[in-house]
Amino acid sequence: MSSILVLNGPNLNLLGQRQPEVYGSTSLADIENLCRNTARALGLSLTFEQSNSEGAMIDLIHAARGQHDGIILNAGAYTHTSIALMDALSSVELPAVELHLSNIHAREEFRHTSYIAKVAIGVICGFGAQGYDLALRAMAQKLQASG
């Protein structure tokens, strides 16, 4: 059974409360339940984490090496600023999917740059909470094809 780390970054703990016009009304707990149901249906093991701290996120990515087979990362605003997260993903040599609830390319110019995309196998954005389901399915296919 393949194991996936779903890692959520800063401010995502406020989903459902924070800017629902941008991020929707679904809470992070709702998204975790969605992910667990999808993972179960796909025969995946799942670890679901959230941190507002860049350093803690890096530690979780490092710890994924040898424990997980892939990473799904919604790095929030760190997507556009963190070379350190990019380097951490690159160093663990696990397939990673970058994920965003909103379409970052339809938003402010500074959100159009992603350091994470440079080391990800793909990017999913703009589909709200459904993006997590899509990311898990894409990762499952990738792992099955390479396994």
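Rule-based calculations on the coordinates, nothing more; no lab input. Just so we're clear, the structure is a prediction, and the values are computed from it rather than from any experiment. Cβ: placed from backbone, ideal geometry, glycine included. Neighbour counts: every protein chain shown.
Numbers below:
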quantity	calculated
Single unsatisfied condition, HIS68 versus (1) surrounded by fewer than 19 Cβ atoms within 10 Å (Cβ to Cβ); (2) outside any helix (DSSP H, G or I)	(1)
Residue selected from region 97-129 under the condition of a type in the set (D, E, K, R) and surrounded by 17 or more Cβ atoms within 10 Å (Cβ to Cβ), by the criterion nearest to LEU28 (Cα to Cα)	GLU98
Matching residues in region 130-142 - criterion: being surrounded by 20 or more Cβ atoms within 10 Å (Cβ to Cβ) and either outside any helix (DSSP H, G or I) or not small (Gly, Ala, Ser) (or both)	TYR132, LEU136, MET139
Filter result for LEU89 (assigned to a helix (DSSP H, G or I), of a type in the set (A, V, I, L, M, F, W, C), under 13 Å from the mean Cα position of the chain (by Cα) and surrounded by 14 or more Cβ atoms within 10 Å (Cβ to Cβ))	yes
One residue from SER90, SER45 being touching a strand residue (DSSP E or B) at 6+ places or on another chain (Cβ under 7 Å), within 26 Å of GLN141 (Cβ to Cβ) and small (Gly, Ala, Ser)	SER45
The one condition in (1) free of Cβ contacts under 8 Å to residues at least 60 places away in the same chain; (2) within 16 Å of ASN11 (Cβ to Cβ); (3) outside any helix (DSSP H, G or I) that PHE110 fails to fulfil	(3)
So PHE48, is it of a type in the set (Phe, Trp, Tyr) and more than 14 Å from the chain's Cα centre (by Cα)	no
